[in-house]
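Enquirer: Got a structure for you, written out below as structure tokens; questions coming shortly.
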Amino acid sequence: MDNLILSDLQNNVLTITINRFDKKNALNTTMYQQLCQLFQQAQTNDDIHCVLIKGNEQCFCAGNDLDDFIKHAYDDELAAFAFVQALANFTKPIVAAVAGPAVGIGTTMLLHCDYVLTTPNAKFKLPFTQLGLCPEAASSVLLPLRVGHNRAFELLVLGTLFSGQQAAQYGIANYCCEPEELLSLAEKHAQTIAALPADATQTSRALIKKATAQQVNDALEAEKVEFSRLVKTQTCQDILASFFN
């Protein structure tokens, strides 16, 4: 269970690597807590100008670890909520490198990132309603702003699978590159951002986000209430249990 989240600080870039490839980088409670700690540290460390979050050239994040998710479904506060709140409140640029599975939170976290690189082998999916759940991470607001209501309904309610090329077309990713280029390009872009004047960069980012900041916070609260309610329903519990039968 050790070293499931790795971090490295070089040239003002904090690189966070999700390192649970045997489980397709599915996130459990401990991993969410580690991610929160890293983002909190990055927020207050003036030596960090940019965060790069990645898996490898074959896998980004397959969403929640369902076994862990079931065990913690009745917790007063799911660890995932603290993570998305940390993302929403973070004031420094975030770069993401996405290949292979990007499921659930593996997609919605990208809506809080500033520069996203992906690959043709990426597979994005938001299977919330299929699990008896609802959107999270303010995706109910941020995704329609990117892609419009009808496409957002298709992705968030029908859970339609979409590719790296489509993610770039939808504005969820900036650029689609070959898998062997992904990590080096992501590092290059993170270093370019980190080399800019930090105050000017963070101020510009804050201004870009200002118009939607209240909407995002309102959505996070509303989603948390409904998600917490739905995860306790018999429908959701039966669906989650079916994965282990």
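The values are calculated or read from the model by the stated rules, or taken from the named source; none is laboratory data. Since this is a predicted model, take the numbers as computed values, not measurements. When we count neighbours, we look across all protein chains shown, and the Cβ atoms used for this are built from the backbone with ideal geometry, even at glycine.
Enquirer: Among the residues of region 1-27, which ones are crowded, with 22+ Cβ neighbours inside 10 Å and either among the hydroxyl-bearing types (Ser, Thr, Tyr) or without any contact (Cβ under 8 Å) to a residue 60 or more places away in the chain (or both)?
Expert: Leu14, Ile18, Ala26, listed by residue number.
Enquirer: Considering each residue of region 75-88, count those that are touching a helix residue (DSSP H, G or I) at 6+ places or on another chain (Cβ under 8 Å), surrounded by fewer than 21 Cβ atoms within 10 Å (Cβ to Cβ) and over 20 Å from Val13 (Cβ atoms), and give that number.
Expert: Residues in region 75-88 being touching a helix residue (DSSP H, G or I) at 6+ places or on another chain (Cβ under 8 Å), surrounded by fewer than 21 Cβ atoms within 10 Å (Cβ to Cβ) and over 20 Å from Val13 (Cβ atoms): 4 in total.
Enquirer: Sticking with this structure for a sec: Looking at (1) assigned to a helix (DSSP H, G or I); (2) out of contact with any Lys or Arg (no Cβ under 9 Å at 6 or more places or on another chain), find the lone condition where Ala173 falls short.
Expert: Evaluating Ala173 over (1) assigned to a helix (DSSP H, G or I); (2) out of contact with any Lys or Arg (no Cβ under 9 Å at 6 or more places or on another chain) leaves (1) as the failure.
Enquirer: I'd like to verify a number: residues in region 130-153 that are in contact with a Ser or Thr (Cβ under 6 Å, 6 or more places away or on another chain) and assigned to a helix (DSSP H, G or I), how many?
Expert: The number of residues fulfilling the criteria is 1.
Enquirer: A follow-up question, please. List the pairs whose first member sits in region 144-169 and is without any contact (Cβ under 8 Å) to a residue 60 or more places away in the chain and acidic (Asp, Glu), whose second member is outside any helix (DSSP H, G or I) and surrounded by 14 or more Cβ atoms within 10 Å (Cβ to Cβ), and whose Cβ atoms are under 6 Å apart, counting only residues at least 6 apart or on separate chains?
Expert: Glu154/Thr160
Enquirer: What pairs come out if I take residues in region 177-203 that are within 22 Å of Lys123 (Cβ to Cβ) and pair them with residues that are of a type in the set (Lys, Arg) and modelled with pLDDT of 95 or more whose C-beta lies under 7 Å away, six or more apart or interchain?
Expert: Leu183/Lys54; Ala186/Lys54
Enquirer: Going through Gly106, Gly100, Gly55 one at a time, which residue ends up being at negative phi and in contact with a Cys (Cβ under 6 Å, 6 or more places away or on another chain)?
Expert: Criteria check complete, one pass: Gly106.
Enquirer: Ok, one more. With the structure loaded, tell me whether Ala137 is crowded, with 19+ Cβ neighbours inside 10 Å and in contact with a strand residue (DSSP E or B) (Cβ under 8 Å, 6 or more places away or on another chain) or whether it fails that test.
Expert: Criteria not met by Ala137.
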